[in-house]
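The values are calculated or read from the model by the stated rules, or taken from the named source; none is laboratory data. From a predicted model like this one, the values you see are computed outputs, not experimental measurements. Here the Cβ positions follow ideal geometry from the backbone for every residue, glycine too, while neighbour counts run over all protein chains shown.
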Amino acid sequence: MIAYLLAGRNLPFWVVASLLAGLAVGGASTIGVAEGAYNTGISAGWYNAAWAVAAILVGLIVARRYRRMEVATLPELFERHYSTSGRVIGVIGQLVLQIVIISVQYVAGGAILSSLLPDVFSFRQGMFITAVVFIGITLIGGFWAAGLTNIINVILIYVGVILGVIIAVRKIGGFGALVAKLPSEHPGFDLGAIGWPLIIAWFMVMVTMAFSVQSVVQITFAAKDSSSASKGFILGGLIILPIGFISAILGMAATILHPEIIATEALPRIVLSLSPVVAGLVLAGLWAADVSTASVLLVGSATLVVGDLIKRFVAPDLEEKEERRISRIAVLVLSVFTYLLAYFVSGNILKTLLLGLSLTTGYTLVTLMTIFWPKICRRAHAAWTLLTSMAALAVWLIFPQISTFFQRIGLI
């Protein structure tokens, strides 16, 4: 398991950075930001800035500690300090969270291919091709393969999006013309236009997520040493930072070049108006963003299944060769399951399930208390904290009237 799912704990800092950047810069960081910028301007780029700050904070505060713990998963850490029930509850919550996010990546991949190459791919065909690539990369090479392909993916993302910005801005007549031609009601380069409450919320969600989601934290576990973990996360944060604001410029350009469209069409319309070569590079970059995210998530989920369920409760004495085989089977089963979830479950339900990100608050609280203040933590704390978070989320989903009430009193 260590060799396949944790790359033998031997990742240098530059591969750590590429894994993190590839995980962070997905469809939401490019297409989603461009869509937001169509109406809210450059301020949509704060989404990526929040991710970047979260990564840098992990690098500065906990990455070294995570690596020195010599664990494979966060639930394993919970069992060491608390109880077996803390581990079981922890792995269930982490798996639900990651399975939903992986499913969304298939949907995003299908949307990218079908929007930008409608004569070649239908939405379902795009999802299938995306799934084949996700599964192939992860199944064959594990975490090392994900890290090395993410180096290429991150380069493709930046080359594609920057080329798209250059060509689109040239069509408008330069940056001066971009500013001048924006509609008078458009916020343009106002950094606070999207609303500071939303920006603060992004930072809060991203920071809690970066400290406690298995796929993120596993990158520190796989680093060569504590220094590589810390430096890799800081470098990864710096790589993540600009892409949101660059993608936002594409969305603003679409406001001028295609004022009649809806926001979701902003980036596809820009790409389709470019020359075939440039459009191909931009498409490759956007799709690479999706692939890079999903491959890391798949490895993280397989690590939870193998380390926290199979090795812990079913077959604790597995040999390395058998572990690798079971790890690949876990990747394959998770891939098929998440693909079927994405294929059959409606997008609205998936969006609702993404509220599961709120679970990361409980995980972050337990993790930080365990690392920095272990003496005040009792054995039952982890299980009850995580159960309370899950119960609160379940109540929120089952009784939508609660959300309506908070909206009426102005709290959300």
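Here are a few things to note about the model shown:
- Of all residues in the range 274-301, those being under 28 Å from Pro183 (Cα atoms) and either out of contact with any helix residue (DSSP H, G or I) (no Cβ under 7 Å at 6 or more places or on another chain) or surrounded by 24 or more Cβ atoms within 10 Å (Cβ to Cβ) (or both) number 3.
- Any hit, the range 327-345, residues being at pLDDT 85 or above, buried (at least 20 other Cβ atoms within 10 Å of the Cβ) and more than 22 Å from Met127 (Cβ to Cβ): yes
- If only residues of the range 120-173 that are hydroxyl-bearing (Ser, Thr, Tyr) and out of contact with any Pro (no Cβ under 9 Å at 6 or more places or on another chain) are counted, the one that is farthest from Ala279 (Cα to Cα) is Thr138.
- The C-beta contact set for the range 243-254 (first residue surrounded by fewer than 24 Cβ atoms within 10 Å (Cβ to Cβ), second residue part of a helix (DSSP H, G or I) and of a type in the set (S, T, N, Q), distance under 8 angstrom, 6+ apart or interchain) comprises Phe245/Asn48.
- Residues (outside any loop (DSSP other than H, G, I, E, B), within 18 Å of Asn10 (Cβ to Cβ) and not aromatic (Phe, Trp, Tyr)) located in the range 60-75: Ala63, Arg64, Arg67, Arg68
- Filter result for Thr264 (over 26 Å from Leu11 (Cβ atoms), in contact with a His (Cβ under 8 Å, 6 or more places away or on another chain) and part of a helix (DSSP H, G or I)): no
- Filtered residues of the range 275-332 (kept if free of Cβ contacts under 8 Å to residues at least 60 places away in the same chain and under 12 Å from Thr138 (Cβ atoms)): Ala330
- Counting only helices (runs of 4 or more DSSP H) wholly contained in the range 171-234, the ones carrying 3 or more residues that are on the phi < 0 side of the Ramachandran plot and surrounded by 22 or more Cβ atoms within 10 Å (Cβ to Cβ) occupy 196-212, 214-221.
- Filtered residues of the range 236-261 (kept if over 17 Å from the mean Cα position of the chain (by Cα), part of a helix (DSSP H, G or I) and not hydroxyl-bearing (Ser, Thr, Tyr)): Phe245, Ile246, Ala248, Ile249, Leu250, Gly251, Met252, Ala253, Ala254, Ile256, Leu257
Residue-wise test of (1) touching a Lys or Arg at 6+ places or on another chain (Cβ under 6 Å); (2) under 27 Å from Thr220 (Cα atoms); (3) buried (at least 18 other Cβ atoms within 10 Å of the Cβ); (4) among the hydrophobic types (A, V, I, L, M, F, W, C).
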site: Leu95; (1), (2), (3), (4): no, yes, yes, yes
site: Val104; (1), (2), (3), (4): no, yes, yes, yes
site: Leu113; (1), (2), (3), (4): no, no, yes, yes
site: Asp119; (1), (2), (3), (4): no, no, no, no
site: Arg124; (1), (2), (3), (4): no, no, no, no
site: Ile129; (1), (2), (3), (4): no, no, no, yes
site: Phe134; (1), (2), (3), (4): no, yes, yes, yes
site: Ile137; (1), (2), (3), (4): no, yes, yes, yes
site: Ile140; (1), (2), (3), (4): no, yes, no, yes
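Rundown of residues vs (1) part of a helix (DSSP H, G or I); (2) under 18 Å from Val213 (Cβ atoms); (3) touching an Asp or Glu at 6+ places or on another chain (Cβ under 7 Å); (4) touching a residue at least 24 places away in the same chain (Cβ under 8 Å), yes/no style:
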residue: Ser29; (1), (2), (3), (4): yes, yes, no, yes
residue: Gly32; (1), (2), (3), (4): yes, no, no, no
residue: Gly45; (1), (2), (3), (4): yes, no, no, yes
residue: Leu77; (1), (2), (3), (4): yes, yes, no, yes
residue: Leu95; (1), (2), (3), (4): yes, yes, no, yes
residue: Ile102; (1), (2), (3), (4): yes, yes, no, yes
residue: Ser115; (1), (2), (3), (4): yes, no, no, yes
